[in-house]
Amino acid sequence: MLEVFKRDLSQNNKKLRKSGYILGLIYGPNLEQDIPIQIPKTPFLRFVEDNNDLSVDLLLDGHIKKCIITEIQSQPAFEGYMHINFRCIE
């Protein structure tokens, strides 16, 4: 399970990344609207190292959302992940 946090869209994305977050989005047919999120970088990197599976349980505001990673954007010059999309399957 990976804990994520809702992202305030008025915050500067560059500052969020510098402070140790990866930006992301949870979407799916069962959601009223897409949920912009920020993911702590270190726990996500540990999750990726320990799991070969694209399915992940996200803990958001005390609720578990079963998701599948559908897209990961990375940039070599940035040295890491920039944005991750999660499709909610429940």
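Descriptive notes on the structure:
- The portion of the accessible surface of the chain made up by carbon and sulfur, rounded to a whole percent, is 46 (1.4 Å probe; DNA, RNA and ligands excluded).
- Rounded accessible area per residue of the range 1-64, 1.4 Å, Å²: 67 Å²
- Separation of alpha-carbon centers, the range 1-29 and the range 32-76, rounded to whole Å: 10 Å
- Taking the chain and dividing mean pair separation by its residue count, relative contact order in percent (alpha carbons under 8 Å, at least six apart): 33 percent
- Alpha-carbon Debye profile of the range 2-88, log10 I(q)/I(0) at 0.13, 0.18 Å⁻¹: -0.39, -0.76
- Pairs of lysines in the chain (C-alpha under 18 Å apart; 8 or more residues apart or interchain): 9
- The listed residues HIS63, HIS83, once ranked by accessible area (1.4 Å probe) with the largest placed first, stand as HIS63, HIS83.
- Figure note: GLU49, GLU32, GLU90, GLU3 ranked by solvent-accessible area, largest first, 1.4 Å probe, ligands and nucleic acids not counted: GLU32, GLU49, GLU90, GLU3.
- Helix-only mean residue ellipticity at 222 nm for the chain, each DSSP H run of n ≥ 4 adding -39500 (n - 2.57), per residue, nearest 500: -5000 deg cm²/dmol
- Residue list for the range 53-78, given a label point 7 angstrom along the Cα-to-Cβ vector of MET1 and an amide N cut-off under 15 Å: 56-67
The values are calculated or read from the model by the stated rules, or taken from the named source; none is laboratory data. Fair warning: this is a prediction, and the values are worked out from it, not measured in the lab. All Cβ positions, glycine included, derive from the backbone under ideal geometry; neighbour counts span all protein chains shown. Heavy atoms of the whole protein, side chains included, go into the accessibility calculation; ligands, DNA and RNA do not. Shrake-Rupley method; radii C 1.70, N 1.55, O 1.52, S 1.80 Å.
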